[in-house]
Amino acid sequence: MQHESDNEVLFGSGDELLSNHCANTHINQVISGGLARRQVLAGGAALGTLAFLGAVLPSAVNAAEPASQGPAGFSFKRRSKLPFVPVAVTRADTISVPAGYRASPFIPWGTPLSGRYPAYLDDGSNSAQDQAEQLGMHHDGMHFFPIDAQQGHGRNSHHGLLVLNHEYIDAGLLHANGPTVVDGKRTSAEQVRKEINAHGVSVVEVCRGPRGEWTVLPSARNRRVTGATPMQISGPARGHVLLQTRYSPTGTATRGTLNNCSNGFTPWGTYLTCEENWAGYFASDDPSLPRELSRYGLRSSSRYGWESVAGDEFERFDATRTGASASDDYRNEPNHFGWIVEIDPFAPESQPIKRTALGRFAHEGLVFAPVKPGRPLVCYSGDDSQNEYIYKYVSRDKYRPGRSNGQLLDHGTLYVARFNADGSGEWLALDLQDASFQQACQTAGVSFADQGEVLINTRLAADVVGATKMDRPEWGAVNPDNGEVYFTLTNNSSRSETDAANPRPANAYGHIIRWREGSKHSAGRHFSWNLFLLAGPETDSVGPNGQPLSADNRLASPDGLWFDDEGRLWIQTDMSGSQLGSGPFGNNQMLVADPKSGELKRFLVGPLGAEITGITATPDFRTLFVNIQHPGEGSTASNLLSTWPDGPGKRPRSSTVVITRDDGRRLL
Ligand code: FEO
Ligand code: CA
Ligand code: CA
C-alpha cells in the first residue's frame, strides 16, 4: 500500500479516500443492548475490560450456546509453540530475525525472469520491455505451489512455482530520474508502459539446492502477468452492458490486472490475485458519475496520469463518456477492475480469468474455509477501504477433488457480514433470488436489472442490506485446528461512531476479529464472533491472552495474516506516517501468535520504510517466504531513504526474503 505522495495530483496516496457515504445504520444504533452501549462508552484503554475479548468461541455445531470460558479459559501449561526469543523493535535498515534463523533476499524487483532475461540496471534505465521480462515492483501476496500441486497432494518442498503480486510502483525509483510530467500530463509512452508492466503478477519456477539455497530456474513456466495482459471475464457479469468497451464491445474480455494486493489459491492448484485500490488508476471528466463509479471513489484525476498519453492502451484509463455508446469509449473500463482474477501458473499460455461471482470491490485477498469433498466451497474476502465490508462466497456446486475447476467460482451466492453486538453474526445474501435481498432493495428504493448489475455494484448491494462498516478489512486466515476465521482490521481514522466489532473511535492501531461458523460446513447464514487482539502500545492494547501488549509484541496496523499448518497465526504490519517514523513500534514487523495459549511474539522486523506482506511456506516448513514491500518508500534516485537489500548507494528494492533455520529444520 502506497502511503506518501510526490505530488498531490499525480502519484498521490495509494490509500483510497473514504467512499462509503451510505446512511447504513451503525449496529450500536439499532441494538440497545448493554454490551454495545458499554463498548461505546468504554473507548481507549478501558477496552481491556471487554469480557468477550480472548474468550473461546462456542463450538460450530452449538453456536447459540454462550461462551463459557473467558481469557482464563486458556491453558498455559502446554509446551510453547513459539520457542524463540522475540526480536526487539528497531529502526535499522535491515531485516532482524531471532537467533538461530536467517533471512536472505530473493527475487527483488527487476530480477530477470523470462524472454531475453534482461539484467536489472540500478540506474533505472531498464526499458518497458525489459520490465515485462523481469520481476515487477512492490511484492505483495504470494503462494508457493509445489511442482506437483496439480497432481494429487503437492508435497514437493524442493521445486515449485512461487507466484506473487506486484501491488503498485514508486515512479521515483522505477525510472532513471523519476517520471516526466508536464502541465500535469505524462509525456512519455515508454515510461507509462514500463509502469504498467511493473504491475501485476510474477510466476517464478524455483528450486532448493542442497544447502537450502533457492534459485530461479530458466523455465517456460516463468511468466509476467501485467497491467496489460489479455484476460477473460466470467461469471454472472460476463457480457453485461456495463462491461462493454471499445476493446470488448461484448463485455467479455479485458486487459490487465492492477493493484494486486493479497491473494488466494484454489484446491485445484491455481492462483487468485485480488484487485484492491484500482479506482485511483482511472479518471473521468463527466460532471456526474454513475453509481458503479461514484461508490468506488472514482475521481477527475488519476494516481499516475496514464490516461493523459495518446493511444488506445492508455486512453482506456479515461472513463469520460466521449463516444456515442459504451463500445466507442472506455466509460466502462473501471468496471473491469475490482475483481478476483484466477491464474493457472502451470499453463503459461492460459489467459487469466476475472471471476465476477466473487463481487467487485477493493478486494484485499481471498481465503477458503476448510475444503471438504462433496461440499460447496466457502471463501471470504475483505474490502480494504474505510468503513467497508467483509464478504463470503458459497459455491452452488460441490467440490469434487480432481474434477472441480474455476467454474466453482462462477456460480454461487455472495454474502456480506453483519456483526451483532451480542457476539452473533449474520451473512446477508446479495442475490436477486433471495427474498430478504429483494425486500431490502424495495425498502431502500434501489433496483438492479440483473445479478450481473448487483455484482458490479457490490458495495451498493451491501449498503442496502445493512452490512457492518468495518475498520478497513485486510487479510483473512483460517485456523486449520478448528476452522475459525481471522481477519485484520488495520485502522480507520474516519471512525467516529463505534460498534461492538469496531470498538475504538478514530482507530489508529487496528485490531483482529475472528468468527466461527454456526453450520458444520461453513455454508450457513449464522456465525459467532469475538475480538482476538486490539493492537497498540502497552497503554492501549489487549493481547490474545487478555493482557496489554508488551515490548515483546506491541504492534500497530495489522495487515498480512496467515496460519501455518500447526495452527500458529502469523501477523504482518503495515504502519505508515508518524506511526512508522516515531511511534513505539519501530519498523514494520511480523509476529507469531498461538491462539491456544495466548502467546504472541515478534519474529521479524523489516528495513526502513517497508511494509511486511505476503507469506507462504514449503510443505516441509523448512522455508518460509515473506515479502518486503516498498523499502525506503517515497525515495528518489537522489534521495534514497533505504538502501535495502543491495546496500550503500543502491536503490531500495521490494524483495522476497527466504527465512530458514541455521540447522535446516522446520521453522518452528
Ligand atoms: Fe494493499 Fe489492503 O493493502
Ligand atoms: Ca495489505
Ligand atoms: Ca495495509
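The values are calculated or read from the model by the stated rules, or taken from the named source; none is laboratory data. Keep in mind the model is a prediction, meaning the values are calculated, not measured. No Cβ is skipped: glycine too gets one built from the backbone with ideal geometry, and neighbour counts run over all protein chains shown. Ligands, DNA and RNA are stripped out before the accessible areas are found, and what is left, the full protein with its side chains, is counted by its heavy atoms. Shrake-Rupley method; radii C 1.70, N 1.55, O 1.52, S 1.80 Å.
Annotations
- Sorted into 10 angstrom bins from 0, the C-alpha pair distances of region 553-659 split as 15, 43, 30, 10, 1 percent.
- Pairwise FRET efficiency - residue 481 versus residue 320, Cβ, R0 = 51 Å, nearest 0.05: 0.45
- Restricting the calculation to Cα atoms, region 431-548 yields a radius of gyration followed by a Dmax of 17.0, 52 Å.
- The calculated FRET efficiency for the pair residue 177 and residue 646, based on their C-beta separation and a Förster distance of 25 Å, comes to about 0.85.
- In this calculation the C-beta distance from residue 582 to residue 521 is compared with R0 = 56 Å, giving a FRET efficiency of 0.70.
- Protection-proxy order for peptides 396-405, 414-423, each taking the mean of Cβ atoms within 10 Å per residue, highest first: 414-423, 396-405
- For residue 194, the lysines whose Cα falls under 18 Å of its own Cα, not counting residues fewer than eight places away in the same chain, are 185.
- With both labels modelled 7 Å from their Cα along Cα-to-Cβ, the residue 294 to residue 241 distance reads 1.9 nm.
- Subtracting the Cα-Cα distance of residue 221 and residue 151 from their residue separation scaled by 0.36 nm leaves 23.5 nm.
- The chain pair-distance distribution - Cα-Cα, 20 Å bins, rounded %: 20, 57, 23, 0
- Note on residue 601: lysines with a C-alpha under 26 Å away, same-chain residues under 8 apart excluded, are 77, 81.
- For the chain, accessible area per residue (1.4 Å probe, heavy atoms of protein chains only), Å²: 34
- For the pair residue 447 and residue 17 in one chain, pulling the backbone fully straight at 0.36 nm per residue adds 152.2 nm over the alpha carbon distance.
- Unit Cα scatterers, Debye sum, region 374-514: log10 I(q)/I(0) for q = 0.14 Å⁻¹: -0.72
- Of all accessible heavy-atom area on the chain, the percent that carbon and sulfur account for (1.4 Å): 50
- Against the compact-protein benchmark of 2.2 N^0.38 Å, the Cα-based radius of gyration of region 192-254 scales to 1.66.
- Extension reserve of the residue 211-residue 434 stretch, reckoned as 0.36 nm per residue once the Cα distance is removed: 74.6 nm
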